[in-house]
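Below: the structure, in structure tokens.
The values are calculated or read from the model by the stated rules, or taken from the named source; none is laboratory data. Here the structure is a predicted model, which means the values were calculated and not measured. Ideal geometry is used to build each Cβ from the backbone, glycine not excepted, and the neighbour counts take in all protein chains shown. Remember, those area values only see protein heavy atoms, side chains included, never the ligands or the DNA or RNA. Shrake-Rupley method; radii C 1.70, N 1.55, O 1.52, S 1.80 Å.
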Amino acid sequence: MVQVDKITNNLAKLYLVDSMGYKKAQMPVKGRPYCVFDNNKVDVFVKNREKAIPKLTDMLVNAKTEDEIVEGLFIADQMAEAKVKGIGNLYYQGFSRFNNSRSANVQTFLAGVYRKTLNPDAFAPLVNMLMQNIKEPPKANFDPNEEIGGAILEYTREAFKDSRKNNSKKI
């Protein structure tokens with residue numbers, strides 16, 4: 001009975017997440033070069049695993065401001081970290097609309113999600129982001145190209161994983 005109540009309570013929190021009074025995401029400011037998120041809100045999504053994907057999709061589709069976008073991407077990142085199945089499938093519904101963002105914050109979090117989900121369709125947008133940033137560096141207190149480049153390297157490492165195994169057997 002306790003386990004059922006706990007599941008029901010977590011699911012209720014998920015669908016009431018917009019009215020639960022969670023703190024808004026805070027973007028980096030001078031003296032604090034990182035974002036701050038309400039971990040209680042993030043935990044509601046992560047604990048509900050696959051059941052939270054529709055709510056996260058809705059959150060990303062309706063995100064209009066940078067802090068809303070980054071919060072949704074951070075939640076997706078944490079769900080990918082927790083190995084929630086189906087996060088990579090949000091590429092077309094939720095993530096791809098941010099591929100051309102010039103925001104260093106959005107680029108960094110998007111690259112982090114792509115690094116963990118390795119959706120094949122996200123590779124070209126990562127390369128495009130890197131090229132755009134080389135031509136016109138974004139104005140930020142950090143370099144989003146570090147995360148973008150890391151994601152590109154992860155795709156490359158994954159693509160050649162089998163060939164590395166085959167080559168090591170020959171030695």
Among the residues of region 130-143, which ones are under 10 Å from Ala104 (Cα atoms) and at pLDDT 95 or above? Asn133
Look at Ala124 and say whether it is open to solvent by less than 40 Å² (accessible area, probe 1.4 Å) and at pLDDT 95 or above. no
Which pairs have Cβ atoms under 6 Å, sit 6 or more apart or on different chains, and link a residue in region 78-91 that is small (Gly, Ala, Ser) to one that is not in a helix (DSSP H, G or I)? Gly88/Asn119
With without any contact (Cβ under 8 Å) to a residue 40 or more places away in the chain, among the hydrophobic types (A, V, I, L, M, F, W, C), assigned to a helix (DSSP H, G or I) and open to solvent by 20 Å² or more (accessible area, probe 1.4 Å) as the only criterion, which of Val61, Val44 stands out? Val61
Just to be sure before I move on: is Ala82 modelled with pLDDT of 95 or more and farther than 18 Å from Ser101 by Cα in the structure I sent? yes
May I ask you to list the residues in region 64-118 that are open to solvent by 50 Å² or more (accessible area, probe 1.4 Å) and more than 22 Å from Val29 (Cα to Cα)? Gln78, Glu81, Lys83, Lys85, Asn89, Tyr92, Gln93, Arg97, Asn100, Arg115, Lys116
